[in-house]
Amino acid sequence: MEVLKDQRGKQAGDHGEGKLSNQAKQQKQKMNVVDKEAAPTSPMEVVGMGPRDEDGSSSSSLRTAETLLRLLPIAPCVVALVVMLHDSQTNDFGSLSYSHLGAFRYLVNANGICAGYSFLSAIIAAKARAATKSQAWTFFFLDHMLTYLVLAAGAASMEVLYLAYKGNSAATWSAACESFGGFCHKATISVAITFVAVTCYALISLISSYKLFSKYDAPDPVANPIKGIQTATFHA
């Protein structure tokens, strides 16, 4: 009888330990699920700029950062524009102005367009309501277009400056900056500031790209029955 009691006691103890072990496993699984739900799911969420919760605090942070970033290029665009507009020099060798060179005229126009667009887009981005897909696509397209616009203006002006400083013996072009040093100095400042605006627009393009593609679900892997290659399908 004592042996039977001991066996029953052991069985009851094993059953109790198994029950506690199952409860501990279930509790651990619940904690893992909570940790996964609380963990950031994108690089933008890691820095606090993604939609991590339902109260809109992270979305508000992203909207504020985007608005400030859209206002940031206005200053360099306007400064580069004004410096180039006042770039002219007259000496014994003649007179030279920015308007004599197409690349510099393009730089002035590009900076003016970008400054105006930055102001208008910042007003729209500051609105509290969430952006629709059509608005996100519009910002994505315009941001990238303006980025390439001001980048092309800076690159073209830099090429003209290079020829002005170095000349081109094959085309019998002399180095104009030897005679018009003041003109070249102002033009160099304007081009350098323009590339500051290019950097700002590159960051804006990254944010608008994130906001657009975060509105779409991640692609699901689909096995290719012919070659066994993993392909992806997109869902709007």
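What number of residues within region 186-216 are surrounded by fewer than 23 Cβ atoms within 10 Å (Cβ to Cβ), farther than 27 Å from residue 134 by Cβ and not β-branched (Val, Ile, Thr)?
3
In region 115-138, what count of residues is obtained for those that are within 19 Å of residue 65 (Cβ to Cβ) and at pLDDT 90 or above? Full working, then the answer.
Just the residues of region 115-138 that are within 19 Å of residue 65 (Cβ to Cβ), to begin with: 117-131, 135-136.
Keeping just the survivors that are at pLDDT 90 or above gives 117-123.
Qualifying residue count for the region: 7.
Using beta carbons and a limit of 9 Å, which pairs, at least six apart or on different chains, have the first residue in region 83-101 and closer than 17 Å to residue 157 by Cβ and the second one in a loop (DSSP other than H, G, I, E, B) and among the charged types (D, E, K, R)?
Within 9 Å, the pairs are 96/87; 97/87; 98/87.
Looking at 141, 213, can you tell me which residue is within 23 Å of residue 73 (Cα to Cα), among the hydrophobic types (A, V, I, L, M, F, W, C) and under 19 Å from the mean Cα position of the chain (by Cα)?
None of the other options fit; the residue is 141.
Given (1) surrounded by fewer than 15 Cβ atoms within 10 Å (Cβ to Cβ); (2) touching a residue at least 24 places away in the same chain (Cβ under 8 Å), where does residue 150 come up short, assuming only one miss?
It fails just one condition, (1).
Conditions first: (1) assigned to a helix (DSSP H, G or I); (2) more than 18 Å from residue 114 (Cβ to Cβ). Residue 171 passes all but one, so which condition is the exception?
(1)
Name, by its number, the condition in (1) in a helix (DSSP H, G or I); (2) free of Cβ contacts under 8 Å to residues at least 60 places away in the same chain that does not hold for residue 136.
(2)
Given the criterion of a type outside the set (Lys, Arg), surrounded by 12 or more Cβ atoms within 10 Å (Cβ to Cβ) and part of a loop (DSSP other than H, G, I, E, B), identify the matching residue among 115, 131, 122.
So the residue among 115, 131, 122 that is of a type outside the set (Lys, Arg), surrounded by 12 or more Cβ atoms within 10 Å (Cβ to Cβ) and part of a loop (DSSP other than H, G, I, E, B) is 131.
Looking at region 96-111, is at least one residue in a strand (DSSP E or B) and either out of contact with any Pro (no Cβ under 6 Å at 6 or more places or on another chain) or under 25 Å from residue 176 (Cα atoms) (or both)?
The answer is yes, given that some residue of region 96-111 is in a strand (DSSP E or B) and either out of contact with any Pro (no Cβ under 6 Å at 6 or more places or on another chain) or under 25 Å from residue 176 (Cα atoms) (or both).
Yes or no, residue by residue, for (1) farther than 30 Å from residue 210 by Cβ; (2) at pLDDT below 90:
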site	(1), (2)
144	no, no
148	no, no
152	no, no
175	yes, yes
187	yes, no
194	no, no
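Within region 181-206, how many residues are under 27 Å from the mean Cα position of the chain (by Cα) and in contact (Cβ under 8 Å) with a residue 12 or more places away in the chain?
Here is the first cut: in region 181-206, the ones under 27 Å from the mean Cα position of the chain (by Cα) are 188-206.
Then drop every residue that is not in contact (Cβ under 8 Å) with a residue 12 or more places away in the chain, which leaves 188-191, 193-198, 200-205.
Going through region 181-206 one residue at a time, the tally reaches 16.
The values are calculated or read from the model by the stated rules, or taken from the named source; none is laboratory data. Just so you know, these numbers come straight off a predicted model, no measurement behind them. Counting neighbours? That spans all protein chains shown, and the Cβs are built from the backbone with ideal geometry, glycine included.
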